[in-house]
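Below is one structure; the comments refer to it alone.
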Amino acid sequence: MSRSQLAPGVEVVAVPGRGLAVRTVEGEFLSVRTGDADEDALLSRLSGTTTAAEPDGELNRIVRAFEGAGYLAGEPQRPRWPADRRDIRLLGDAVLTEPLAVLLRALGAEPRTAVHSGTSPSPDDLSAGDPAAVVWCLDGPVPEGLWDAADRLPERGIAWLRCHREGWQAYVEPLAAAAGDVTSAHVRARRLAATPAHRELAAYWSGPRTSSAPVHLTAPAAGLLAALLADDLSRWITGAPDADGLPARRRLRRVDLRTLTVTEHPVLPVPDVAPTPKQAG
């Protein structure tokens, strides 16, 4: 068996008086029943420093068990960013778009930052140049109607990703890549439906709002938001699988900017309202 090196994040530790234990990528410890296998030989196999010089049924059994549990390396690496989809259009506030552009360039994309006037642009303006995706980042609440045109981008084959801040909370919304995906309008409707303070939330969005000292995004907070956006976009555009948890196209993430804690919430599209039936007569 040639594939016997541990996967990244998986480690094996010798526990005094207890034998071997594997630490999984989730941080859990599991006991390893080595039976009659030589532990030193097993550790050498799992470290990738040696291969089996002669058949060893018991050692091979344990290595196969590691492989079956997904603890061995050999999974395909994330594909490179496709050359014909490198054009990514960034809109919004520089405190977020600048670190995002740095990350996207490192991943192989070619982001270009566009200036917006604060009013909702037309779908033709947003799709000019046929970008692979449009990412819009706001260091504040989303004004009513600002993202209406961008919600129609997936119908044109252009991915649509966004984030915004509300006080000390920031929201990274689901990536929309096709007609029927979750749009910003869907997220607003779902959030209003999920809170008993829907009138207050709607009033907060529409403004005006009175506050004391403004909230300033720190570099770590802006970097975290940029990293979440870049990872979602990279996974989608390269076809890499989602990480464990909710799929990116059905996930709303809330980031506490004071503690940098991220919580995930499932979100689905809002069906169109059926027309009111006409009354007979």
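The values are calculated or read from the model by the stated rules, or taken from the named source; none is laboratory data. Quick caveat, the model's predicted, so the values are computed rather than measured. No Cβ is skipped: glycine too gets one built from the backbone with ideal geometry, and neighbour counts run over all protein chains shown.
Structural remarks
Residues checked against (1) outside any loop (DSSP other than H, G, I, E, B); (2) at pLDDT below 95:
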site: Leu224; (1), (2): yes, no
site: Ala230; (1), (2): yes, no
site: Arg235; (1), (2): yes, yes
site: Asp244; (1), (2): no, yes
site: Arg249; (1), (2): yes, yes
site: Arg253; (1), (2): yes, no
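- Sole exception among (1) out of contact with any Ser or Thr (no Cβ under 7 Å at 6 or more places or on another chain); (2) assigned to a loop (DSSP other than H, G, I, E, B) for Leu100, by number: (2)
- The one condition in (1) in contact with a helix residue (DSSP H, G or I) (Cβ under 7 Å, 6 or more places away or on another chain); (2) not in a loop (DSSP other than H, G, I, E, B) that Ala179 fails to fulfil: (2)
- Residue match in region 200-210 (condition: among the basic types (Lys, Arg), assigned to a loop (DSSP other than H, G, I, E, B), modelled with pLDDT under 95 and in the same structural domain as Asp93 (by TED's automatic domain parsing)): yes
- Leading residue by the ranking (surrounded by the most Cβ atoms within 10 Å (Cβ to Cβ)) among those in region 211-222 that are of a type in the set (Gly, Ala, Ser) and outside any helix (DSSP H, G or I): Ser211
- Checked against the criterion of being under 21 Å from the mean Cα position of the chain (by Cα), closer than 30 Å to Val10 by Cα and modelled with pLDDT under 95, the candidates Arg78, Arg105 yield just one match: Arg78.
- For region 192-208, filtered to residues that are in contact (Cβ under 8 Å) with a residue 60 or more places away in the chain and not small (Gly, Ala, Ser), the residue that is surrounded by the most Cβ atoms within 10 Å (Cβ to Cβ) is Trp205.
- For region 109-129, a residue qualifies if it is modelled with pLDDT of 95 or more and in a loop (DSSP other than H, G, I, E, B), and exactly one does: Ala109.
- Test: residue in region 134-148 that is of a type in the set (Asp, Glu) and within 18 Å of Ile237 (Cα to Cα): no
- Hits in region 182-195 (condition: assigned to a loop (DSSP other than H, G, I, E, B) and at pLDDT 95 or above): Val182, Thr183
- Taken together, the criteria exclude Arg162 from residues that are touching a residue at least 12 places away in the same chain (Cβ under 8 Å), in a helix (DSSP H, G or I) and among the charged types (D, E, K, R).
- The condition (being crowded, with 18+ Cβ neighbours inside 10 Å, within 24 Å of the chain's Cα centre (by Cα) and either under 18 Å from Trp236 (Cβ atoms) or at pLDDT 95 or above (or both)) is satisfied by just one residue among Ala178, Ala159: Ala159.
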